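**Q** So that we are looking at the same thing, I have put the structure below in structure tokens.
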Amino acid sequence: QVQLVESGGGLVQAGGSLRLSCAASGSFFSINAMGWYRQAPGKQRELVAVITSSGSTKYADSVKGRFTISRDNAKNTGHLQMNSLKPEDTAVYYCYTEARFSPQGYTYQYWGQGTQVTVSS
């Protein structure tokens, strides 16, 4: 099992910045990927950003150029730097991981509890 601990959410004004962090713990062999999803009231959960163990990244078009995802493999932690925040970024943000428990094994997904990000105008 993989357990995720999130931090960094809060209230900021439009144009401000926040840095979300996610720490993974457990008996996994490796974390294959780490990412962030978000869900606003009345909307579907959407992928914000994802990063693989090799450093390859992918972003939603709505955040491209403003958000940066990173990870520290030695510490099993991930970060999402959010700049130029907009009111439409307001949502609950969830850390997401894909963990492998043996070499060449299948990956399994886990979710954090979520952290609230609120951007005021």
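Read-outs throughout are calculated quantities, based only on the coordinates presented, and are distinct from any laboratory measurement. Not measured: the values here are computed from a predicted model. Every residue, glycine as well, gets a Cβ built from its backbone with ideal geometry; the counts of neighbours run over all protein chains shown.
**Q** Please report, in debye to the nearest 20, how large the charge dipole of the chain is about its Cα centre when each Lys and Arg carries +1 at its beta carbon and each Asp and Glu carries -1 there.
**A** Value, rounded to 20: 100 debye.
**Q** Still on this structure: If the reach is capped at under 21 angstrom between alpha carbons, list the lysines near LYS86, excluding any in the same chain fewer than eight residues apart.
**A** Within the straight-line cut-off, LYS86 pairs with LYS43, LYS58, LYS64.
**Q** Still on this structure, please answer the following. Tell me the net charge near TYR96. Cut-off is 11 Å between Cβ atoms, TYR96 excluded, with +1 for each Lys or Arg and -1 for each Asp or Glu.
**A** Computed value for this residue: 0.
**Q** I want to check the label-to-label distance for GLN104 and SER54. Put each point 7 Å from Cα in the C-beta direction and report it in nm to one decimal.
**A** With each label point 7 Å from Cα toward Cβ, the separation is 1.7 nm.
**Q** If you take the alpha carbon radius of gyration of the chain and divide it by 2.2 N^0.38 Å, what ratio comes out, to two decimals?
**A** Working: Rg = 14.1 Å, N = 121, 2.2 N^0.38 = 13.6 Å.
Computed over Cα atoms of the chain, the ratio equals 1.04.
**Q** Still on this structure, I have one more. How many angstrom lie between the C-alpha centres of the range 17-69 and the range 86-105?
**A** If you average the Cα positions of each part, the centres end up 5 Å apart.
**Q** So what's the Cα pair-distance distribution over the range 31-90, bin width 10 Å, in %?
**A** All Cα pairs considered, the percentages come to 22, 51, 24, 3.
**Q** Mind checking which aspartates and glutamates have their Cα closer than 15 Å to the Cα of LYS75? Skip sequence neighbours fewer than 8 apart in that chain.
**A** Within the straight-line cut-off, LYS75 pairs with GLU6.
**Q** If you plug each phi of the range 16-32 into the Karplus form 6.51 cos²θ - 1.76 cosθ + 1.60 with θ = phi - 60°, what whole-Hz ³J(HN,Hα) values come out, in order, with x for Gly and Pro?
**A** Along the range 16-32, the couplings run x, 9, 9, 10, 8, 10, 9, 10, 9, 9, x, 9, 6, 6, 7, 9, 6 Hz.
**Q** Roughly speaking, what is the stretch gain from SER17 to THR68, that is 0.36 nm per residue apart minus the C-alpha to C-alpha distance, in nm to one decimal?
**A** 17.2 nm
**Q** For GLN116 and GLU46 in one chain, what is 0.36 nm times their gap in residues minus the Cα-Cα distance, to one decimal in nm?
**A** Working: separation 70, 0.36 × 70 = 25.20 nm, distance 1.49 nm.
Extra length from GLN116 to GLU46 when fully extended: 23.7 nm.
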